[in-house]
């Protein structure tokens, strides 16, 4: 066990894989400086600084993976996936299906996501729901250094394309880069357990497995990344009010750990999804479908991002799932009889 | 077309505004990234001097020098970046997403996206406002985006009234553009059949002259133009740029990074000594180049414009610009500031 930062835990997994397997290469914009230690150790032949040409280098990463390399393609922010979506949607995700499993694409896309530092609606999106909607991709979103390490270890061994999302509020390097910039005059609500923690080097976390972070029979809160920490803080507060919560850290969006969700909700009969991604047509709706398809009809609520993330810090704080919003939504669910969802508060309705 | 003192005034106003943004950002009153356009003021002033009502501009993540020169309300922009409800976009946008419908000016934080947007502005201009033109601003880093290269072709194929302005500062974030770019950007544009111009972007007058010819051509429905303006990036990719901080204070700011690089370069497993050595030397070269871009040199458009003026008049205009921006900052911070 060693104490590592979130980003350091990911870097350690990548470095270990590169030292062991010459097929592992890192490519992307600025990787020579963003990953300067890897650049210094493995050289420009395996740490390839790319032009600002996401469509080209992501497409090339797919081809390189098909032809024998195991690329880690760094997309600086997941918001930029719009520039190179074809490589993921129509190339990486399709090869295995088109060849009936005969040809796979062992590609890891390492990218950052998430808000909480005032960078506006083109640089703070989550977008894991958008990507997880594509069959053929795996999408992982860790919430702790141990999981970040373990999921990257798994992603580097995986035979198919994996999107690895690194939340900027957990990743000190990115928060410094995008949010702080050396200033002492700004502060961020960083979940401490997410930013730094104990990591067992080389320990895998299997893709597609959720983790129960806290147990309680009254309500299931399912979340990811920073949302897990907000949910845990809310659960702590709710416990003092007599409301006991399961907090389920999904860790992987696709493939979804349906069994873990169903097992928890079968017990609690209430499901609250805390999702930093967009509310509509995404993960939260998918989780509702998961429990319905399992024959459950829990009381259901969700705390998500409803609209384009505003720039101003105070507006952003209102837009992102907060401990207050989670606790309030949990209380509403707890008051509802089992099997009946309370009317959501603050959502636009058909009549408004 | 404006006189030298008008150009100088716009350069000075833009610099004063950028410096105010820098100060507010350092105070923590502006959040997130802050990409200043310091070093690009000559391009902004020179191009805007050629524009008239009905023309449109598509901007990148350094939009403020152009918006300042266009006459967008400074107080509204400041309030926006302060995240206030009375800001230009009610605090929803921030500096990378500033827009003004009244000025037909829109910025975006997605590198390269200003080019196709500008092409659309040009199409609308040709269709709805004959004689009007559009300008798209982007950097040399953006010049390798597929959408930008596609726009060079689209602009030529549709013969759009478009001026594509490449503010070439030699950097793509922390990468030297020359290390990730094949061929020459001007030759590239020429190969698409565009007219081209290559000017010193620190010289606002030279930019104005080159842009004036290109825009006149566009107004007459002739070929679109690719104009490269060579500029310096005076404040890094963004404020707090770790490369610049490391370059300027390696013993303090850069200590962690340099220690990590040293340890990694000696770690067991990895490339041979030659490749490791080349990597380390490459990083040193980046730091050396980052350290070299400073103000008050021939690469600084404000200094260049200042030199072309009578000192007393230059001082008067700069004082006026500073006073205007100071008044705007005061007005922006008057009430309702949320700490």
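Computed values, structure above
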| item | result |
| --- | --- |
| In the stretch B:26-50, the residues that are over 30 Å from residue B:214 (Cβ atoms) and touching a helix residue (DSSP H, G or I) at 6+ places or on another chain (Cβ under 9 Å) | B:29, B:30, B:31, B:32, B:33, B:34 |
| Residue in the stretch A:102-114 that is crowded, with 22+ Cβ neighbours inside 10 Å, closer than 26 Å to residue B:95 by Cα, touching a strand residue (DSSP E or B) at 6+ places or on another chain (Cβ under 9 Å) and within 14 Å of chain B (Cβ to nearest Cβ) present | yes |
| Conditions (1) touching a residue at least 40 places away in the same chain (Cβ under 8 Å); (2) on the phi < 0 side of the Ramachandran plot; (3) within 11 Å of chain B (Cβ to nearest Cβ); (4) surrounded by 22 or more Cβ atoms within 10 Å (Cβ to Cβ); number of the one not met by residue A:28 | (2) |
| Filtered residue count, the stretch B:151-197, keeping only those that are under 19 Å from the mean Cα position of the chain (by Cα) and assigned to a loop (DSSP other than H, G, I, E, B) | 4 |
| Among the candidates A:189, A:246, A:257, A:277, residue that is over 19 Å from the mean Cα position of the chain (by Cα), at pLDDT 95 or above and farther than 30 Å from residue B:250 by Cβ | A:246 |
| Exclusive hit being assigned to a loop (DSSP other than H, G, I, E, B), at pLDDT below 95, within 11 Å of chain A (Cβ to nearest Cβ) and crowded, with 21+ Cβ neighbours inside 10 Å, set B:269, B:236 | B:236 |
| Output for the stretch A:305-321, where each listed residue is more than 10 Å from chain B (Cβ to nearest Cβ) and surrounded by fewer than 18 Cβ atoms within 10 Å (Cβ to Cβ) | A:306, A:317, A:318 |
| Spans of strands (runs of 3 or more DSSP E) in the stretch A:1-92 with at least 2 residues under 29 Å from residue A:203 (Cβ atoms) and within 23 Å of the chain's Cα centre (by Cα) | A:2-5, A:24-29, A:70-77 |
| Yes/no for residue B:226 being within 14 Å of chain A (Cβ to nearest Cβ) and either more than 27 Å from residue B:24 (Cα to Cα) or outside any helix (DSSP H, G or I) (or both) | no |
| Flag for residue B:196 being within 14 Å of another protein chain (Cβ to nearest Cβ), touching a strand residue (DSSP E or B) at 6+ places or on another chain (Cβ under 9 Å) and at pLDDT 95 or above | no |
| In the stretch B:77-107, the residues that are over 21 Å from residue A:116 (Cβ atoms) and surrounded by 20 or more Cβ atoms within 10 Å (Cβ to Cβ) | B:77, B:78, B:79, B:88, B:98, B:100, B:104, B:105, B:106, B:107 |
| Filter result (within 10 Å of chain B (Cβ to nearest Cβ) and touching a strand residue (DSSP E or B) at 6+ places or on another chain (Cβ under 7 Å)) within the stretch A:1-25 | A:18 |
| Those helices (runs of 4 or more DSSP H) lying entirely in the stretch B:5-92 with at least 2 residues at pLDDT 95 or above, under 20 Å from residue B:204 (Cβ atoms) and away from every other protein chain (no Cβ under 14 Å) | B:41-48, B:64-70 |
| So residue A:122, is it within 25 Å of residue A:282 (Cα to Cα) and within 14 Å of chain B (Cβ to nearest Cβ) | yes |
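The values are calculated or read from the model by the stated rules, or taken from the named source; none is laboratory data. Predicted model only: the values in this text are computed from it and were never measured. Cβ coordinates were reconstructed from backbone atoms using ideal geometry, including for glycine residues, and neighbour counts include every protein chain displayed.
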